[in-house]
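The values are calculated or read from the model by the stated rules, or taken from the named source; none is laboratory data. Since we're looking at a predicted model, the values are computed, not measured. Heads up, the Cβs are rebuilt from the backbone with ideal geometry, glycines too, and the neighbour counts pull from every protein chain shown. Areas reflect the complete protein model, heavy atoms only, side chains present, ligands, DNA and RNA absent. Shrake-Rupley method; radii C 1.70, N 1.55, O 1.52, S 1.80 Å.
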Amino acid sequence: SRGGKIILSEDVIKTKKKIYFGMPALDFEYQCEKTHVNVEGGTVYFNGRFEARRGVIMDIKGEAIFEDGVLFGPRCRVRIHNKGYFGRYIRVAHETQVFDSNFHFMERVDAPGYYPISRPVSIGSYCWIGNRCTVGPGTILPDYTTVASNSLVGKDFSKLNPYSIIGGIPAKLIREGWTRVWDTKREFEYQKREFAWYRKRYEK
């Protein structure tokens, strides 16, 4: 009734890939508030499996494209009023916000007038964004970029080499040659080596 559209790709329909909203998976997610998705006049494209955990708020008035395997952790905020692209197997940790538009207009005191407040956001495949980050208008992250927790990201990083870590306020290059362990089996093995409680639980 508000003119928004949600479009599922042929692959999603054919393979019955799931689109999850509000699913709790971690202990601290069960106390989160409800998940809200508002698609008002905008268009959302789901091209694969998608997860928005408990407490996520999504406000889509522009065009948002989500490739296969995108996951937003609890209490994330996603505001797409212009255009947002999210590549394959992205992980966005809890309480991070992704905005392609600021909330209020500003102008120069000595030159009043219209100054744009929105620019498209593009996040490449296999990016991992740590908790409590702000990803703002004009952000471009290449594939396999890791963003450290509590960082402010708001520019084009497309010239970065893959497997780079950025972080800080504002974010800048920290190191190269590092990536998240994406293989689930290897991650389980590392968890068992790191934590005794994890080993006991999964050996039962």
Less than 21 Å apart at the alpha-carbon level, and either on another chain or at least 8 residues along: which lysines does that give for K192?
K200, K204
Counting as exposed only chymotrypsin sites (Phe, Trp or Tyr not before Pro) in DSSP loop states with no more than 14 other Cβ atoms inside 10 Å, the longest exposed-site-free span of the chain is 31-102
Cα shape, segment 122-169, gyration tensor, a/c 1.5 rule:
oblate
Amide H neighbours of V37 at under 5 Å, excluding residues fewer than 5 places away on the same chain, with H built from the backbone geometry, are M58
Once the dipole of segment 49-204 is set up with Lys and Arg at +1 and Asp and Glu at -1 on Cβ about the Cα centre, which of A64, V135, Y202 lies farthest towards its positive end?
Y202
Can you list residues whose amide H is under 5 Å from K83's amide H, if they're 5+ apart or on another chain and H is modeled 1.01 Å from N?
E63, V121
Most fluctuating residue given options G41, G69, G130, as computed from a GNM of the chain linking Cα atoms under 10 Å:
G41
Compute the whole-percent fraction of alpha carbon pairs in segment 59-163 spaced more than 20 Å apart.
35 percent
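Calculated from DSSP H runs of 4 or more alone, at -39500 (n - 2.57) each and per residue, what is the 222 nm mean residue ellipticity of the chain, nearest 500?
Taken over the chain, the calculation gives -3500 deg cm²/dmol.
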Candidates P24, P112, P170; GNM for the chain (alpha-carbon contacts under 10 Å) flags as most fluctuating P112
Linear extension gain, A25 paired with E95, 0.36 nm per residue minus alpha-carbon span:
23.7 nm
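Could you work out how much longer the chain between E203 and K185 gets when fully extended? Use 0.36 nm per residue separation minus the Cα distance between them, nm to one decimal.
Extra length from E203 to K185 when fully extended: 5.1 nm.
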Can you list residues from other chains, or at least 5 along the same chain, whose modelled amide H is less than 5 Å from the amide H of T145?
C127, W128, Y163
Rounded to the nearest 10 degrees, what's the angle between the helix 184-194 long axis and the longest principal axis of the chain, both from Cα atoms, 0 to 90?
70 degrees
To make sure I understand the rule: partners must be aspartates and glutamates, Cα under 18 Å from the Cα of K17, and not fewer than 8 residues away in the same chain. Which ones qualify?
E51, E67, D68
Leaving ligands, DNA and RNA out of it, report the carbon-plus-sulfur percent of the accessible area of segment 11-141 at a 1.4 Å probe.
54 percent
Mind listing the phi-derived Karplus ³J(HN,Hα) values for segment 77-83, rounded to whole Hz, using 6.51, -1.76 and 1.60 with θ = phi - 60°, and x for any glycine or proline?
10, 10, 10, 10, 10, 10, 8
Using a Gaussian network model on the chain with a 10 Å cutoff between Cα atoms, which of L71, L152, L173 fluctuates the most?
L173
Quick one, which of (1) 30, 22, 16; (2) 35, 21, 13; (3) 26, 21, 15 is the actual semi-axes √(5λ) of the Cα gyration tensor in Å calculated for this model?
(1)
HN-Hα J couplings of segment 125-142 from phi, Karplus 6.51/-1.76/1.60, θ = phi - 60°, integer Hz, Gly and Pro as x?
6, 6, 8, 10, 10, x, 5, 6, 8, 10, 10, x, x, x, 6, 10, 10, x
